[in-house]
Amino acid sequence: MTTNNHKEGDSTKWILDSVEIDQITDTPRNESSSSSSSNFNNNNNNNALKSPRGVNFSRIGSNARKRFGILGNGNANNAAQPKMGRMRSTAARGLQSLRFLDGATGKDGDAWKPVEKRFKTNAVNGRVPRDKFSAVIGMGNSKEFAGELYDTLARRRNLDASNGITIDEMRMFWEDMTSQDIDARLQIFFDMCDKNGDGKLSEDEVREVLVLSASANQLNKLKSQAGNYASLIMEELDPDHQGYIELWQLETLLRGMVTSTDEGTKFKRSQTLTKTMIPKMFRNPISKTVNSTKEFILDNGKRIWAVGLWLTINACLFYYKFNYYEKHAAFPVMGYCVCVAKGAAETLKFNMALILLPVCRRTLTRLRSTFLSRIFPFDDNINFHKMVAAGITIGTFLHVLMHLSCDFPRLILCPKNKFMMWLGPNFNFKQPNFLDLVSSIPGMTGIIMILLMAFAFTLATHSFRRNVIKLPWPFLHLAGFNAFWYAHHLLFVVYILLIVHGYFLFLTKEWFNKTTWMYLLFPVLLYASERTLTSIHDHNHHVNILKAVVYEGNVLALYMSKPPNFKYKSGMYLFVKCPDISSFEWHPFSITSAPGDAYLSVHIRALGDWTNALRDRFAKTCEPPASRPAKGRLMRMETKQMNDFDIQPPSFPHIIIKGPYGAPAQNYKKYDILLLIGLGIGATPFISILKDLLNNLKESSSEDIESKKGPQRAYFYWSTREQASFDWFKGVMDDIAEYDTDNVIEMHNYLTSVYEEGDARSALIQMVQSLQHAKNGVDVVSESRIRTHFARPNWRKVFTQLAASHESQRIGVFYCGSPNLTKLLRQLCQEFSLSSTTRFHFHKENF
């Protein structure tokens with residue numbers, strides 16, 4: 001079988017070529033049809049529209065005429081040509097995905113049951129009215145579109161549906177919408193556009209359906225330009241200016257759209273055929289488990305080492321103190337309870353000191369550039385901070401539990417003679433009661449510390465910090481970032497109380513055995529020095545606002561002067577403070593300018609109280625774009641609004657920054673290939689990387705790029721729910737299209753508010769997008785030269801193609817966005833690192 005590989009490959013190629021030839025000539029040609037078709041093509045040669053991949057829409061239109069038996073001038077009365085029954089055309093394959101209901105095919109009887117159930121829920125007196133039809137068919141968010149579909153189906157069935165439809169009529173509607181007949185589904189879509197039923201679509205009818213589709217997909221900008229796009233459709237599909245288009249012309253557009261995408265994916269499909277073979281090392285459960293464990297250790301080596309070291313130190317400290325108190329004079333009275341309590345206290349002191357190190361940002365930023373970054377996972381500093389906090393919680397619980405439930409009762413109930421013999425000197429020869437123990441300095445400081453720590457830890461949880469939990473009116477301010485930030489500063493009091501608590505111990509009198517201050521000395525001084533130095537050097541980080549833009553998607557872009565000696569790498573972040581809003585609050589934001597730029601920029605999404613207040617203050621001082629010529633532009637990467645005006649009003653709010661600080665993405669240059677994934681505002685850490693790569697492209701030739709160390713190619717996937725988000729990212733997309741002639745950067749933008757390909761609600765929008773991009777090279781959604789995809793990316797397909805295209809290379813996967821996608825991406829990185837020669841290294845930005 002292996003000896004025939006070459007022949008099989010040739011045979012496969014021959015089959016594919018024959019399919020391509022067959023799809024162009026669906027029907028037998030005679031002289032008249034040839035002549036007629038030739039005349040049609042000649043008449044429209046000047047109007048032939050080619051897609052970016054070279055697909056000629058006019059040529060396809062001729063074939064589409066023949067499928068419907070329409071020749072020459074498009075008169076339907078001409079004799080229909082017999083169809084060949086071998087294979088459906090490309091348009092047929094495209095139409096196969098044109099659907100009105102999600103998932104249902106009409107072939108499976110079970111698909112009707114959910115519709116029937118929703119019908120019974122929404123029916124009034126056995127009938128469902130027009131305004132409830134969307135809920136019944138699962139288009140609850142597209143009521144207007146569902147209403148038009150309702151009217152169309154009623155017209156086709158000659159029903160009077162003004163008072164609603166019955167369950168039997170609903171069943172007929174459902175069968176029409178899920179019909180296996182491709183042409184029938186296309187006819188429904190055409191009839192939906194053709195409101196007067198004359199079999200012809202006028203420009204006004206096309207515009208109305210475009211408005212309807214834009215509303216269903218939350219595309220407000222496209223909705224406002226529906227008239228222009230309707231004119232574009234008429235211009236391309238009605239070259240004879242008859243004032244209308246017919247059904248076959250609608251299929252023409254769909255066929256061209258599908259053909260242009262099919263040609264680009266054939267090679268990728270052939271590349272991924274080998275993925276169906278399972279490597280030998282994963283063919284049985286034992287070897288799969290062994291090799292999976294090995295890969296897990298390789299991928300998480302630094303994390304395992306750091307956590308293992310931390311657990312070992314805690315275990316050693318616990319054992320040391322446990323063993324120490326087994327020989328202490330308190331052991332005959334309190335037994336192993338005091339050993340456990342003191343062992344937990346020792347780990348508590350260590351963790352209270354250690355928890356400060358992961359938040360010493362300046363120190364960590366410097367350490368990232370040293371050999372220690374190969375040993376410790378500095379990218380996981382926040383996760384380690386949380387893990388140490390969990391260790392503090394466990395240590396506190398054990399310490400308090402052992403004292404209250406065991407040590408205190410044994411001290412109080414111990415026979416007086418025995419107590420005086422063993423512990424009399426420690427308590428000034430007075431046996432305490434419960435109130436004495438609680439009201440003592442160790443007791444009171446312990447209670448206050450527990451209350452403050454419980455309060456700070458609670459407000460640091462995700463539900464409180466992200467304002468997920470909804471509190472009643474008097475406690476509203478206890479949720480949100482501000483509450484978390486201020487509550488954490490209460491821990492300063494906790495550290496003072498901890499030192500006092502550790503000094504006035506009952507069972508330890510020698511000063512050198514009171515080790516609490518020894519644990520805390522270095523970390524506290526390091527953290528305090530960082531905070532103090534930042535406050536002292538604030539005057540060096542006062543910046544001037546050069547530009548400010550407030551975008552529709554609640555995004556504020558600030559372009560600032562760069563302070564002297566402010567050096568940073570792409571992917572780093574800085575802290576911003578606005579004294580006009582708060583004198584104490586600092587908020588972190590990714591730097592979106594490149595290191596080589598003469599300015600600093602950040603993009604801020606207004607989500608909380610502080611960011612909303614900042615947006616509002618800049619909105620008051622930002623003037624609308626003026627019509628005068630632009631001057632003093634910062635860079636081409638600015639958006640259209642930024643290029644059109646140049647203002648520096650003195651009333652801009654005062655801004656102070658500190659940083660820069662290290663982040664996972666700053667080490668992107670150590671990988672061969674980059675996969676950058678951002679959701680919404682999560683694109684900001686990668687804007688700087690893309691700009692940096694672009695700057696290198698502008699300064700270097702293709703030979704220089706290949707010789708330089710660093711990524712040879714970058715794939716950027718950006719997913720957003722709002723069309724307005726493209727405004728603040730448009731400049732970067734245009735620059736990539738202009739300067740990236742060697743295709744070093746490959747961008748994939750996804751708008752998730754638009755229904756996926758094949759859904760009837762987005763079919764016309766996809767057609768308009770194909771036409772606009774083919775003719776003008778501009779995307780209808782982003783208004784840039786980068787084409788936008790709809791719905792969500794198929795991440796498994798993305799990783800499959802990368803593994804096939806970049807064998808034996810290291811791909812750095814950097815993700816910034818919602819935690820919901822983190823698990824899937826990490827699993828895919830591990831899976832494809834195991835099953836291919838490509839190594840995927842996953843990094844997540846914490847924000």
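The values are calculated or read from the model by the stated rules, or taken from the named source; none is laboratory data. Because the structure is a prediction, the values reported are computed rather than measured. Here Cβ is always computed from backbone atoms with ideal geometry, including for glycine, and neighbour counts include all displayed protein chains. Protein only, heavy atoms only, side chains kept; ligands, DNA and RNA dropped before computing areas. Shrake-Rupley method; radii C 1.70, N 1.55, O 1.52, S 1.80 Å.
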Q) Exactly one of (1) among the hydrophobic types (A, V, I, L, M, F, W, C); (2) open to solvent by 20 Å² or more (accessible area, probe 1.4 Å); (3) outside any helix (DSSP H, G or I) is unmet by A737. Its number? A) (3)
Q: Would you check which residues across the range 185-207 are farther than 12 Å from L153 by Cα and of a type in the set (A, V, I, L, M) and list them?
A: L186, L201, V206
Q | Residues of the range 740-763 that turn out to be part of a loop (DSSP other than H, G, I, E, B), among the charged types (D, E, K, R) and farther than 30 Å from A146 by Cβ, as a count | A | 2
Q) Just to be sure, is S162 open to solvent by 20 Å² or more (accessible area, probe 1.4 Å), at pLDDT below 85 and out of contact with any Ser or Thr (no Cβ under 9 Å at 6 or more places or on another chain)? A) no
Q. List the pairs whose first member sits in the range 723-737 and is of a type in the set (D, E, K, R), whose second member is in a helix (DSSP H, G or I), and whose Cβ atoms are under 6 Å apart, counting only residues at least 6 apart or on separate chains?
A. D735/L694
Q. Checking N428 against (1) at pLDDT 90 or above; (2) over 28 Å from V493 (Cα atoms), which test does it fail?
A. (1)
Q) Taking the range 804-821, which residues are more than 15 Å from G680 (Cα to Cα) and open to solvent by 10 Å² or more (accessible area, probe 1.4 Å)? A) A804, S805, H806, E807, S808, Q809, R810
Q: Give the residue, chosen from R362, R366, that is without any contact (Cβ under 8 Å) to a residue 40 or more places away in the chain and of a type in the set (K, R).
A: R366
Q: Test L520 against the criterion of being within 30 Å of the chain's Cα centre (by Cα), modelled with pLDDT of 90 or more, open to solvent by less than 40 Å² (accessible area, probe 1.4 Å) and not polar (S, T, N, Q), and give yes or no.
A: no
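A quick yes/no check of all residues on (1) β-branched (V, I, T); (2) under 30 Å from I137 (Cα atoms):
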residue: S762; (1), (2): no, yes
residue: G777; (1), (2): no, no
residue: I786; (1), (2): yes, no
residue: H789; (1), (2): no, yes
residue: V798; (1), (2): yes, no
residue: G817; (1), (2): no, no
Q) In the range 305-330, which residue that is hydroxyl-bearing (S, T, Y) and more than 42 Å from the chain's Cα centre (by Cα) is most open to solvent (accessible area, probe 1.4 Å)? A) Y319
**Q.** Total residues in the range 771-788, condition out of contact with any strand residue (DSSP E or B) (no Cβ under 6 Å at 6 or more places or on another chain) and open to solvent by 10 Å² or more (accessible area, probe 1.4 Å)
**A.** 10
Q) So F492 fits all but one of (1) open to solvent by 70 Å² or more (accessible area, probe 1.4 Å); (2) at pLDDT below 85; what number is the exception? A) (2)
Q) Which residues, counting only those in the range 114-136, are assigned to a loop (DSSP other than H, G, I, E, B) and either open to solvent by 60 Å² or more (accessible area, probe 1.4 Å) or outside the structural domain of A146 (by the TED database) (or both)? A) N125
Q) If the Cβ limit is 8 Å and pairs must be 6+ apart or interchain, which residue in the range 650-674 that is not assigned by the TED database to the domain that holds F716 and among the β-branched types (V, I, T) pairs with which residue that is buried (at least 22 other Cβ atoms within 10 Å of the Cβ) and not in a strand (DSSP E or B)? A) none
Q.
If I filter the range 495-515 down to residues being closer than 16 Å to A330 by Cα and in contact (Cβ under 8 Å) with a residue 24 or more places away in the chain, which single residue comes out as least open to solvent (accessible area, probe 1.4 Å)?
A. L507
Q. Does W728 fit the bill of being in contact with a Ser or Thr (Cβ under 9 Å, 6 or more places away or on another chain), outside any loop (DSSP other than H, G, I, E, B) and at pLDDT 85 or above?
A. no
Q: Evaluate the range 434-456: report whether one residue or more is out of contact with any Lys or Arg (no Cβ under 9 Å at 6 or more places or on another chain), open to solvent by 70 Å² or more (accessible area, probe 1.4 Å) and either modelled with pLDDT under 90 or not in a helix (DSSP H, G or I) (or both).
A: no
Q | Boolean, K418 is under 30 Å from F504 (Cα atoms), surrounded by fewer than 17 Cβ atoms within 10 Å (Cβ to Cβ), touching a helix residue (DSSP H, G or I) at 6+ places or on another chain (Cβ under 9 Å) and touching a residue at least 60 places away in the same chain (Cβ under 8 Å) | A | yes
